[in-house]
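Participant: Below: one structure in structure tokens.
The values are calculated or read from the model by the stated rules, or taken from the named source; none is laboratory data. Note that this is a predicted model, so its numbers are computed, not measured. Here the Cβ positions follow ideal geometry from the backbone for every residue, glycine too, while neighbour counts run over all protein chains shown. With ligands, DNA and RNA removed, areas are computed over all heavy atoms of the protein, side chains included. Shrake-Rupley method; radii C 1.70, N 1.55, O 1.52, S 1.80 Å.
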Amino acid sequence: MVGCVFHENICPRGAGLSLARSDSEVVSSVFRRNSAFGEGDSGNGGGVYVSGGSPRLINCTIADNESSRGGGLFAQLADVALINCILWGNSDSSGDGREAQVQTVLTAMTADYCCIQGYDGVPGGTGNTGSDPLLDSAGQLSPGSPCIDAADTTS
């Protein structure tokens, strides 16, 4: 999937995108203002929900989504790679910290050259930051954003 926009969707799980046992690559896509709420396994992953597989998200923005758990991205039993991604302004029942941006259960996840709100070293990787990316109202980078020219251009 390349250049997709997942915007203002409402679903019990993975309101923006739900990937099950997938090795997909999602490239240069935007997940904004999606909502996932429910009981049990529902309510996970407002922006993106992953269960199994080894998906890669490259050059994606996951912002302003909400859910019960993992407002931006929720992954379980998977091996997920985030490269050059922004996860910002997502919220869940824990608030808007790092776990609201990315939450994992029995998942191997790496993040390289990503901007993650509340970044505390988890997930591990290279070149990550917790600095405000200065997204404008359309979800684009504003002048002066620390994310400008901060990506790995080989990805």
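Participant: Which of the peptides 109-121, 65-77, 83-95 is most tightly packed, and how do the rest follow, going by the mean number of other Cβ atoms within 10 Å of each residue?
Facilitator: Numbers: 109-121: 19.9, 65-77: 26.9, 83-95: 22.2.
The most tightly packed comes first, giving 65-77, 83-95, 109-121.
Participant: Could you run the Karplus curve 6.51 cos²θ - 1.76 cosθ + 1.60 with θ = phi - 60° over the stretch 93-110 and give me ³J(HN,Hα) per residue in whole Hz, x for Gly and Pro?
Facilitator: 4, 8, x, 10, x, 4, 5, 6, 7, 9, 10, 10, 9, 6, 10, 8, 9, 10
Participant: Right, next: So for ILE148, ILE58, what's the accessible-area order with a 1.4 Å probe, most first? Please list the in-between numbers first.
Facilitator: On the way: ILE148 80, ILE58 10 Å².
Output order, biggest surface exposure first: ILE148, ILE58.
Participant: Take the Cα atoms of the chain, find their three principal axes, and give me the spread along each one in whole Å, biggest first.
Facilitator: Sorted from largest, the Cα extents of the chain read 41, 29, 29 Å.
Participant: While we're on this one: Can you give the accessible area of ASP136, probe radius 1.4 Å, in Å² rounded to 10?
Facilitator: Near enough 60 Å² of accessible area.
Participant: Among ALA81, VAL50, GLY71, whose Cα sits farthest toward the positive end of the charge dipole of the chain (+1 at Cβ of Lys/Arg, -1 at Cβ of Asp/Glu, about the Cα centre)?
Facilitator: Of the listed residues, the answer is VAL50.
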